[in-house]
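In what follows, a structure is listed as structure tokens, so that the remarks can point back to it.
Values quoted throughout were computed directly from the atomic coordinates according to the rules given, and no laboratory measurement underlies them. All values reported here derive from a predicted model rather than from experimental measurement. Here Cβ is always computed from backbone atoms with ideal geometry, including for glycine, and neighbour counts include all displayed protein chains.
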Amino acid sequence: MKKIYDILEFLGKIDRRWIFLFVFVFTTLPLALKFKVRVTPTEEVKIAFNYIENLKEGDRVLISIDYDPASMPELQPMLYAILRHLFRKNLKVIMMGHWPLGLPLGKTALEEVAKEYNKKYGEDYVFLGFRPGGSAVMVAMGSEIRNVFAADQYGTPLDSLPVMRDVHNYDDIALLIGLEAGSTGDFWVQFANARFGQEIILGCTAVIAPNLYPYYQAGQIRGIIGGLRGAADYENLVGKLGTGSIGMWVQSAIHILIIIFIIFGNVGYFVLRRRRKRSV
Amino acid sequence: MKREVPLIITFLSGIIIIIAFFIPLYPFGSYKNFPGLQDRFLQWYNILLGFTLILGIDTLIAYHWKKIKEGSKDAPYSIALIVSIFITLAVGIFSWVKYGDPFKAGSPFMFYYDYIFVPLQSTMFALLAFFIASAAYRAFRARNLEATLLLIAAAFVMIGRVPAGDNILNIYLFGYHITLPKIAAWILDTPNMAVQRGILIGVALGGIAMSLRIILGIEKTYLS
């Protein structure tokens with residue numbers, strides 16, 4: 001009996017290097033095998049997808065890149081899936097960002113997907129780039145986008161670009177999609193939605209997602225695409241599986257692993273506590 | 001006067017922005033092509049913010065230069081930081097001049113971004129997975145009722161949000177179809193949402209109180 005208790009107590013004292021090794025193996029193995037998993041999309045993502053599905057051809061959609069390479073694994077597959085959906089529906093894409101270090105990621109994805117669908121720069125999509133100011137930029141865009149972005153990233157005046165000719169403020173934008181790794185999404189809701197009535201869908205890292213439910217329940221945002229699962233859901237809905245779906249294997253394996261370790265830790269903790277009580 | 005002038009500017013700017021929010025009419029808000037006071041203030045704010053970036057870089061370099069001069073034991077890191085800043089700047093300007101856009105595919109800046117910056121930042125963030133696993137193992141203990149509830153909720157959400165959880169639980173109870181994804185969704189939609197809303201309202205009230213203190217000149221710590 002003592003031996004069993006010793007083993008159970010040991011479960012609570014596993015060296016963290018073993019945990020690191022298990023995490024490494026459980027992460028790299030599924031990634032190396034590249035299994036793509038079909039998932040049943042969650043309700044919030046389905047609602048977001050259907051909202052875009054119901055937009056009219058030619059409607060303008062503003063995408064805000066509010067993340068950087070640290071959140072790339074979660075948000076980049078989401079961006080690719082959303083762009084594919086938008087271009088397939090012949091919607092016009094306007095891209096900007098509040099996180100300057102993430103802009104190259106947005107631009108790369110935009111150009112790549114636009115090429116897939118034979119879309120032309122200036123006619124079907126535009127890249128506005130970054131302006132400092134955060135919430136001030138959002139409020140100023142409510143009166144006139146040209147007050148903030150007089151020209152696109154390459155210095156071309158907005159009026160020279162057909163896609164921007166009749167776009168002046170939020171009234172001319174059918175939907176705003178914010179891809180968020182921080183609190184910029186809250187500001188979009190507070191300024192663009194609450195003040196100017198802009199329809200918004202937020203895609204975000206899994207850490208941010210729980211914070212957005214009050215906005216979703218209040219109807220201030222039209223959907224939440226949360227974390228890698230959200231990206232995989234969207235890829236499934238669009239019908240082209242990518243790195244989000246590959247990541248589902250990794251996430252399943254790691255979540256189960258962490259729960260097993262938590263159970264081990266608790267078993268060890270209770271055995272140790274029981275032994276201490278007895279010795280007292 | 002050194003303190004009074006900033007306080008007056010803060011008061012006027014704050015009051016005008018608040019008025020423009022509730023009365024978005026000229027001269028506070030814009031009228032057709034005539035920008036209102038609010039638009040002017042927002043433009044000034046954006047311009048000032050651009051300069052604060054320069055100020056930030058200047059302060060950062062001055063701080064690390066001092067460390068290098070004093071021969072601090074962390075001086076090698078300071079050297080790395082200053083060298084990196086100038087290399088990034090030089091590569092960015094070169095790419096802008098030569099390619100018209102530093103983000104152009106194939107430009108030296110994008111090479112620098114793709115093969116140095118992205119892997120470095122991704123590595124830093126990826127380390128979190130290892131530390132979270134280790135921290136969860138050591139700290140997530142059912143010590144009391146609150147900790148146990150948190151533990152159970154976290155376990156349901158973690159498993160219910162991944163495909164592996166789809167088929168673990170599949171039962172009918174009192175006419176309800178219960179699965180792990182449904183339990184996870186309920187936790188996020190109901191208790192989580194209620195708590196988040198409470199936090200949001202609290203933060204908003206705190207924000208209003210703090211803004212009023214700053215606008216009315218009661219809170220002056222930003223001047224020191």
Margin query: Being under 24 Å from residue A:67 (Cβ atoms), surrounded by fewer than 16 Cβ atoms within 10 Å (Cβ to Cβ) and of a type outside the set (Phe, Trp, Tyr) is the filter here; which residues of the stretch B:95-107 pass it?
Written below: B:105, B:106
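In the stretch B:34-49, how many residues are outside any helix (DSSP H, G or I) and facing chain A (nearest Cβ under 9 Å)?
Within the stretch B:34-49, the subset outside any helix (DSSP H, G or I) is B:34-36.
From the residues that got through so far, the ones that are facing chain A (nearest Cβ under 9 Å) too are B:35-36.
Residues flagged as outside any helix (DSSP H, G or I) and facing chain A (nearest Cβ under 9 Å) within the stretch B:34-49 amount to 2.
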Next item on the list: Please enumerate the residues belonging to the stretch A:111-132 that are more than 22 Å from the chain's Cα centre (by Cα) and surrounded by 19 or more Cβ atoms within 10 Å (Cβ to Cβ).
Entry: A:119, A:124
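Of the residues A:2, A:34, which is surrounded by fewer than 16 Cβ atoms within 10 Å (Cβ to Cβ) and under 30 Å from residue A:253 (Cβ atoms)?
Details: A:2 fails: under 30 Å from residue A:253 (Cβ atoms).
The unique qualifying residue is A:34.
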Margin query: Just checking, does the stretch B:68-77 include any residue being crowded, with 16+ Cβ neighbours inside 10 Å and of a type in the set (S, T, N, Q)?
Written below: no
Notebook entry, point to check: Considering the stretch B:113-131 alone, what residues qualify as being over 17 Å from residue A:247 (Cα atoms), of a type in the set (Phe, Trp, Tyr) and at the interface with another protein chain (Cβ under 10 Å from one of its Cβ atoms)?
Noted result: B:113, B:117, B:131
Item checked: Sole exception among (1) farther than 29 Å from residue B:115 by Cα; (2) within 14 Å of chain A (Cβ to nearest Cβ); (3) assigned to a helix (DSSP H, G or I) for residue B:91, by number -> (1)
Checklist line | the stretch B:157-187, residues that are more than 9 Å from chain A (Cβ to nearest Cβ), in contact (Cβ under 8 Å) with a residue 12 or more places away in the chain and outside any helix (DSSP H, G or I) | finding: B:168, B:169, B:179
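Within the stretch A:42-53, does at least one residue satisfy the condition of being part of a loop (DSSP other than H, G, I, E, B), under 28 Å from residue A:263 (Cα atoms) and within 14 Å of another protein chain (Cβ to nearest Cβ)? Full working, then the answer.
The initial filter retains those residues of the stretch A:42-53 that are part of a loop (DSSP other than H, G, I, E, B), namely A:42.
When the remaining residues are screened for being under 28 Å from residue A:263 (Cα atoms), the result is A:42.
Next, from what is left, pick out any that are within 14 Å of another protein chain (Cβ to nearest Cβ): A:42.
Among the residues of the stretch A:42-53, at least one is part of a loop (DSSP other than H, G, I, E, B), under 28 Å from residue A:263 (Cα atoms) and within 14 Å of another protein chain (Cβ to nearest Cβ), which makes the answer yes.
Do we find that residue B:130 is more than 23 Å from residue A:229 (Cβ to Cβ) and either of a type outside the set (Val, Ile, Thr) or buried (at least 18 other Cβ atoms within 10 Å of the Cβ) (or both) in this structure? Spell out how you get there, then give the answer.
Numbers: more than 23 Å from residue A:229 (Cβ to Cβ): no; either of a type outside the set (Val, Ile, Thr) or buried (at least 18 other Cβ atoms within 10 Å of the Cβ) (or both): yes.
No.
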Checklist line | Selected residue (criterion: surrounded by the most Cβ atoms within 10 Å (Cβ to Cβ)) from residues of the stretch B:136-156 that are part of a helix (DSSP H, G or I) and at the interface with chain A (Cβ under 9 Å from one of its Cβ atoms) | finding: B:137
